[in-house]
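Participant: Once you've had a glance at the structure underneath, I'll fire off some questions.
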Amino acid sequence: MGAVVGAIAGGLAGKGPAEAVNPTAEEEYWRDEHARRPYYESVYTYEEDYRPAYDNRAKLRKYMRDYKGAEEDWSQVIRIKPDSKAHFDRGLMRHTQQDHAGAREDYDVAIRLDKDNVEAFRNRARVRLLAKDVKGAISDATQVIRLRPEDGESWSERATYRSFDRDLEGALKDCAEAIRLSPNNPEVWWSRS
């Protein structure tokens, strides 16, 4: 029992210093230092070694609901080698933390890097609606439908955005298509009400 208590206390004592690490300085240190380590092999690059580690830790932090920590790790992934998925993932963490402007910036970059990133369009539409940019939300929802025309929920979401824009005729048409595509999904029926 004493060993368990000691392990927990030790873990908690180390938590403060670990959280005080500056992620940017840490990344710069390892970028310079990794090649001097005894286990270093020249067949690997910094990006191949460290980018996946930050990405995996970010996923774990997201799972543990440490959204700020996950955002920081995905920022490191982006610093090492930016791509659409990393910007989307960081945007999702920002969105979860109510940083809608930051989320919007990441979704914009994710879409610029991958014009077929359906989830980035879908989430950017949601952020736009929160910012009262209903036309922008409808535009993004239309892109989702272009990319996934057989997805009833996509039609249902656009119906919701159209109703905010007072385009009730367009909203009803989208609801009808959503129900046709997903007749057993109660969410698409709900959007019709």
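Participant: Check whether at least one residue in region 84-92 is farther than 24 Å from residue 62 by Cβ and in a helix (DSSP H, G or I), and report yes or no.
Facilitator: no
Participant: Filter region 120-146 for residues that are among the aliphatic types (A, V, I, L, M) and within 19 Å of the chain's Cα centre (by Cα) and give the result.
Facilitator: Selection gives 120, 125, 127, 129, 130, 131, 137, 141, 144.
Participant: Spot the failing condition for residue 148; the list is (1) of a type outside the set (Gly, Ala, Ser); (2) surrounded by 20 or more Cβ atoms within 10 Å (Cβ to Cβ); (3) touching a residue at least 24 places away in the same chain (Cβ under 8 Å), and only one is missed.
Facilitator: Failed condition: (2).
Participant: So, one more: Let me spell it out: the conditions are (1) open to solvent by less than 80 Å² (accessible area, probe 1.4 Å); (2) at pLDDT below 95, and residue 172 meets all of them except one. Which number is the exception?
Facilitator: Of (1) open to solvent by less than 80 Å² (accessible area, probe 1.4 Å); (2) at pLDDT below 95, only one is false for residue 172: (1).
Participant: Please find, among 66, 83, 108, 73, the residue that is within 22 Å of residue 133 (Cα to Cα) and of a type in the set (Asp, Glu).
Facilitator: 108
Participant: So, in region 79-92, how many residues would count as being open to solvent by 20 Å² or more (accessible area, probe 1.4 Å) and not acidic (Asp, Glu)?
Facilitator: Residues in region 79-92 being open to solvent by 20 Å² or more (accessible area, probe 1.4 Å) and not acidic (Asp, Glu): 7 in total.
Participant: If we scan region 109-116, do we find a residue that is under 28 Å from residue 183 (Cα atoms) and either open to solvent by 10 Å² or more (accessible area, probe 1.4 Å) or hydrophobic (A, V, I, L, M, F, W, C) (or both)?
Facilitator: Looking through region 109-116, at least one residue is under 28 Å from residue 183 (Cα atoms) and either open to solvent by 10 Å² or more (accessible area, probe 1.4 Å) or hydrophobic (A, V, I, L, M, F, W, C) (or both).
Participant: Could you please find all residues in region 117-132 being assigned to a loop (DSSP other than H, G, I, E, B) and surrounded by 16 or more Cβ atoms within 10 Å (Cβ to Cβ)?
Facilitator: Result: 117, single match.
The values are calculated or read from the model by the stated rules, or taken from the named source; none is laboratory data. Computed from a predicted model, the values in this text were never measured in an experiment. When we count neighbours, we look across all protein chains shown, and the Cβ atoms used for this are built from the backbone with ideal geometry, even at glycine. SASA here: full protein model, heavy atoms, side chains in, ligands and nucleic acids out. Shrake-Rupley method; radii C 1.70, N 1.55, O 1.52, S 1.80 Å.
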